[in-house]
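Beneath this line is the structure, given in structure tokens, with notes to follow.
Bear in mind these aren't lab numbers, they're just calculated from the coordinates by the rules spelled out. Note that the structure is predicted; figures quoted are calculated from it, not measured. Ideal geometry is used to build each Cβ from the backbone, glycine not excepted, and the neighbour counts take in all protein chains shown.
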Amino acid sequence: MSVLAAGLCSLLATSVEAAAPAPEAASAGEASAEIVVTAQKRAENLSKVPLSLSVLDGQTVAAARFTQADDLVSRIPNLRFSATVGENTPIFSLRGVSMSDFSLNQAGPVAAYYDEVYKGNFAFLGLQLYDLARIEVLRGPQGTLYGKNTTGGAINYVAEKPRFENGGYLRAGLGNYNRAEMQGALNIAATSTIAARIAFTAARADGWFRNRLPGQDDLSSTREYGVRGTLLWEPSDRAEIVLRLSTSLQNPRNYGNYSKPGPDGVGAGVYEAYGQGSSYFREGLGPRELEANFTARRRARTWSAALTGTFRLTDALTLTSVSGWDRGSLFVPEDTDGSPTRALEIPYTDRGTQLGQELRLAWDDGGPFSAIAGIHHHREDLFNATDLNFWTDLDVDGNGQVDAGDCTANSSLLACVISNRFDQQKRSWAAFGDARLKIAPRTTLRGGLRFTHDSGLQSGLTSQVRGVDGVLVATLIPPLDRRFSGNNLSGKVGLDQELEGGTLLFASYSRGYRASGFNAQAFFDPAEAGVARPETIDAIEAGSKGKLGTLALSFTAFHYIYRNQQFLSVNPADATQTLVNLDRSRIYGAELEIDARPHPDVLLSGGLGLLHARAISGLISGLDVRGHHLSNAPAVTANGSVTWTAWSDGKTRIILRGDASYVSSQYFEIVNIPRLRQGGYALIGAGIDYQRGDWTLSLWGKNLTDRTYFTSRIDLSGFGFDYNHVGTPRTWGASLRRSF
């Protein structure tokens, strides 16, 4: 911890972002004195919430040009992501707690909630960020109020609610890569008790991953839209009902990847061995260029409905009901080898539905005791399919055509398509309670428990080998079922002390858990189709929140013992993959966040995250990983931003913005292969707003130095290359907005 203490002295900092009026009324450079959040299922001042919590208001999200969830990492300490299967399906890592399994049937340990509705599976996560009131990032296990799959934390996306006034905004913009975009919202006060709001977003852009193969499209393009309709009914001053309906579609050319050849090239020398051409070495191509022959469109479609009712039964007792329904589908046509060969291509398919219901009662009569108690149910039904295409352009038997005969003519699965399919059902029931007791005028004791019963069924799992022509060659895994069922008790206990002047000190112990998971990478042997045990984290956290002059400061230190983290483990003898549990890991670190307003026209924000995340014991892929870095766990993350109202005369304002973020070196896998280590890098962005009346003209840029960096890296040396997912290059543009 001495290294952490030394680093804190530098006072690099982020994020308690200032709350702002609604987007159509907000003006850059303004900040609210009170930031109200609902991270603990109750409305509270951010400075009084006794946990590590970062908040970005809707104005900040819009001004920073956040469009996808992965944009958050530039403003949140100790938050990272990997994009193994694309930016709109990010795998978040919070304080080093992440997921190594990229399978689309999994749910990560950093849970996503949209307006209190849990979005567990990747099929439900293809959502854009638009017309938001705020985003709340809760660090650390949230096992009491949020439940399973929050060992790392939770991210709450809160959309704007209708208001009882008429108005709205419309924004249109252009950018490089022929980008065209439009966003807007319309708010209607239908009666004195009913209001509605409809918001939308749409964007198109050419691919920035240049495809040099003649006749093929560039990859990593943008083609998306989202629409959300919200109805608010307040039949009395004691009741509020909110209905939200939304849909989204993302249908771009799929992402490209930088497949860095090994000594034998992409194809690993197989083409030479059969006298059919040669392996591929990417001569003359940069890391954002490729020659891909598989350029199908990626498709992510979501439909969602959420109904939230809040009823004040008495002055002290409030009943809240949250109901959610989601349907989603995801198709990812990945040209894994990123080359003109067909050494490795993997289309992924995931589709499903989910239902969720929560009922909770909150008691607060203004006295020393307050509490929340509730029940929760969640069900999820998925279909998952993955096709491994191995060297499907190889004429193994030399008869002049590639068909099932080529697949049967060798024992190495060359010219074969190995496909697995299964259905997955998960059910979860939970009961929880959370209470606070003031044991002294400035001292509060907090505690909570949650009991959860989880069950799951993976049914009809089968894996078959077919030729390129679709003819069945063999069944490797006949249809089988796998089940799990279990109970979990998670919770939290803590003590808060408020000092003179308003500074809050807090300390807590908590336990969180991530539910069992099924292996979606079972292709070659029924023994691969196992079930991983639940993960658990025991966390100790202590921190403070307060003000020092014009500075708003938040500091938190933490220590975790992480048990049974779920990992994909590859058997080096036969390449089979099993989902296993890593025995134990230790994680500790700290976050420091600062807001400062040295002048009424200047807002400075910054943040620092320090992290030590190592495995204590366990075997992965036959390797003892004691002392290895956990994946997506850089030692240092830092960011800062400035907003300066450079000119204001009552009618016209000019606002300048700048931001920077830094992340130190990291690994994307626990084996810690030196060549796959991502070095440290910094990203810089800037913008300028010219506001006059209801009009705003904006210029913006992101990754202004055009830094090349990777968001995931995978060892595929068996196919002759390393898979590298490249981060977004320099982007810039202009937009015009009208509020009304």
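Labels on offer are (1) 36.7; (2) 29.5; (3) 26.8, and the one holding Kirkwood radius over Cα pairs in Å computed from this structure is (3).
The slack between Ala527 and Asn399, meaning 0.36 nm per residue of separation minus the straight C-alpha distance, is 42.5 nm. For the stretch 297-376, the calculated P(r), taken from all Cα-Cα distances in 5 Å bins from zero up to the bin holding the longest distance, is 3, 12, 15, 11, 10, 9, 7, 8, 7, 6, 5, 4, 2, 1, 0 percent. With a Förster radius of 56 Å applied to the C-beta separation of Ser455 and Asp365, the computed FRET efficiency comes to 0.90. Taken one residue at a time, the phi angles of the stretch 386-394 give Karplus couplings (6.51, -1.76, 1.60, θ = phi - 60°) of 9, 10, 9, 9, 9, 6, 7, 10, 9 Hz. Gly and Pro are set to x. Charging the Cβ of each Asp and Glu at -1 and of each Lys and Arg at +1, and nothing else, the dipole of the stretch 592-689 about its Cα centre rounds to 220 debye. The stretch between Met182 and Val602 holds 148.3 nm of extra length on full extension. This uses 0.36 nm per residue minus the Cα-Cα distance. Spin-label model, Arg442/Leu249: points 7 Å from Cα along the beta carbon direction are separated by 5.9 nm.
Between the amide H of Val473 and those of Val465, Arg466, Gly467, distances stay under 5 Å, these residues lying 5 or more places away or on another chain, with hydrogens modeled in the peptide plane. Rounded to the nearest whole Hz, the Karplus-based 3J(HN,Hα) values (6.51 cos²θ - 1.76 cosθ + 1.60, θ = phi - 60°) of the stretch 162-171 follow the sequence x, 10, 8, 7, 9, x, x, 7, 9, 10, with x at glycine and proline. A Cβ-based charge dipole, computed about the Cα centre of the chain with Lys and Arg at +1 and Asp and Glu at -1, lands at about 1540 debye. If a paramagnetic tag sat 7 Å from the Cα of Asn571 along the Cα-Cβ line, which residues of the stretch 498-522 would have the backbone N under 14 Å from that point? Label zone hits: 522.
In plain terms, the chain from Ala305 to Lys547 could stretch by 83.1 nm, reckoned as 0.36 nm per residue minus the Cα-Cα distance. Based on the Cβ-Cβ distance of Arg212 and Leu480, what FRET efficiency does E = 1/(1 + (r/R0)^6) give at R0 = 45 Å, to the nearest 0.05? So the FRET efficiency works out to roughly 0.50. Relative to the Cα centre, the charge distribution of the stretch 369-526, modelled as +1 at Lys and Arg Cβ and -1 at Asp and Glu Cβ, gives a dipole magnitude of about 1440 debye. Label-to-label distance for Arg584 and Ala734 is 6.1 nm, based on points extended 7 Å past Cα in the beta-carbon direction. Modelled this way, with points 7 Å down the Cα-to-C-beta line, the labels at Ala435 and Val36 are 2.8 nm from one another.
For Glu500 and Ala316, what does the FRET efficiency come to when R0 = 25 Å and r is the distance between their Cβ atoms, rounded to the nearest 0.05?
Step by step, r from the Cβ atoms, then E = 0.30.
Candidates Leu619, Trp233, Leu461 compared by Cα position along the dipole of the stretch 2-739: farthest toward the positive end lies Trp233, with charges placed on Cβ.
Calculated from the alpha-carbon coordinates, the stretch 428-502 shows an Rg and a Dmax of 25.8, 77 Å respectively.
Annotation for the stretch 585-624 versus the stretch 87-154: alpha-carbon center distance of 18 Å.
Computed from the Kirkwood radius of its Cα pairs, the Stokes-Einstein diffusion coefficient for the stretch 594-675 at 37 °C and 0.692 mPa s stands at 205 µm²/s.
Cross-link partners for Lys48 among the aspartates and glutamates, with Cα-Cα distance under 13 Å and sequence neighbours closer than 8 places in the same chain left out: Glu34, Asp496, Glu498. Each residue of the stretch 546-559 is assigned a 3J(HN,Hα), and the resulting list reads x, 10, 10, x, 8, 8, 9, 10, 9, 10, 9, 10, 8, 9 Hz, derived from the Karplus form 6.51 cos²θ - 1.76 cosθ + 1.60 (θ = phi - 60°), x at Gly and Pro. Remark: relative contact order (the stretch 2-739) = 13 percent; criterion is Cα-Cα distance under 8 angstrom and separation of 6 or more residues.
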